[in-house]
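The values are calculated or read from the model by the stated rules, or taken from the named source; none is laboratory data. Worth saying up front: this structure is predicted, and the values here are computed from it rather than measured. With ideal geometry, Cβ positions are generated from the backbone for all residues, glycine too; neighbour counts draw on all protein chains shown. For the accessible areas, the whole protein counts, side chains as well, though only heavy atoms, and no ligand, DNA or RNA atoms are used. Shrake-Rupley method; radii C 1.70, N 1.55, O 1.52, S 1.80 Å.
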Amino acid sequence: AEGDIMSIGVSNFDISYLEDVKQMANVLPHIVQNYAAVGEEDGLAFEWCITNGAIFQPYATARNLPELVTEVPELVATLEKLASRYKVSKQAVIHRYFLQTGSSVIPRSSDIAHLVENLSILQWSLAADEMAELGRFKEALTSNA
C-alpha cells in the first residue's frame, strides 16, 4: 500500500493459498515456485499463474527420476528415447518440457558440461506429439500413488 513492494514471489503455495493471497493482497505474486516433475505437475497452480499473469517456476523437476524406474518405467523409456534423439540427458528433456509449457526452469548443476547442456535447451524443441507423450504420464503416476 505504501508502494515499497513492486513484485512478490511465493513458494510451495497450493491453489487454496494462492486464492487466499488473491483475496487479501494488493500485489499478486509474479512468480509461483512449486515442486513439479514430469507427470507430477501442479496443474491448478499452473493455471492460476496463467490466469493471473504470474510465472510458474517448478523446482526439483528431475528429483523423482530414480523412483520412476520402478513406478513408471514407460516414462523413463520415453525420456531415454527423447534424450537419445536430441543427444542430451533425460534432465535436459525434462527442462525443455517445462520450458515449452511456459514455465521457467531452475536447472541445477556445478558440472561445466551440465551447465553447457542446460543452456543448450534453448537451441532445440520437443515436437507437439513428444510434449503430449510426456504429459500423458500424469494419469499413470496418480494411479500408482
Just flag the trypsin sites (Lys or Arg not before Pro) in segment 1-104 sitting in loop per DSSP whose Cβ has no more than 11 other Cβ atoms within 10 Å.
LYS87
Return the carbon/sulfur percentage of the accessible area of the chain, one whole number, probe 1.4 Å, all protein chains in place.
55 percent
Any chance you could give the angle, 0 to 90 degrees and rounded to 10, that helix 73-86 forms with the longest Cα principal axis of the chain?
80 degrees
Entry for Rg and Dmax of the Cα atoms in Å (calculated from the structure that is shown) out of [x] 16.6, 53; [y] 15.7, 49; [z] 16.4, 50:
[x]
Under a Cβ-Cβ cut-off of 12 Å, what is the net charge of the residues other than TYR35 that fall near it, where Lys and Arg count +1 and Asp and Glu count -1?
-3
Calculate for the chain the 222 nm mean residue ellipticity that helices alone would give, adding -39,500 (n - 2.57) per DSSP H run of length 4 or more and normalising by residue count, nearest 500 deg cm²/dmol.
-15500 deg cm²/dmol
Suppose the chain between TYR59 and ALA77 were pulled fully straight at 0.36 nm per residue; how much longer would it get relative to their current alpha carbon spacing?
4.2 nm
Test of understanding: what is the full-extension gain from THR70 to SER120, defined as 0.36 nm times their sequence separation minus their Cα-Cα distance?
15.1 nm
Would you mind working out the magnitude of the charge dipole of segment 1-122 relative to its Cα centre, with +1 at each Lys and Arg C-beta and -1 at each Asp and Glu C-beta, to the nearest 20 Debye?
600 debye
So, over other residues within a Cβ distance under 10 Å of GLU130, counting Lys, Arg +1 and Asp, Glu -1, the net charge is +1
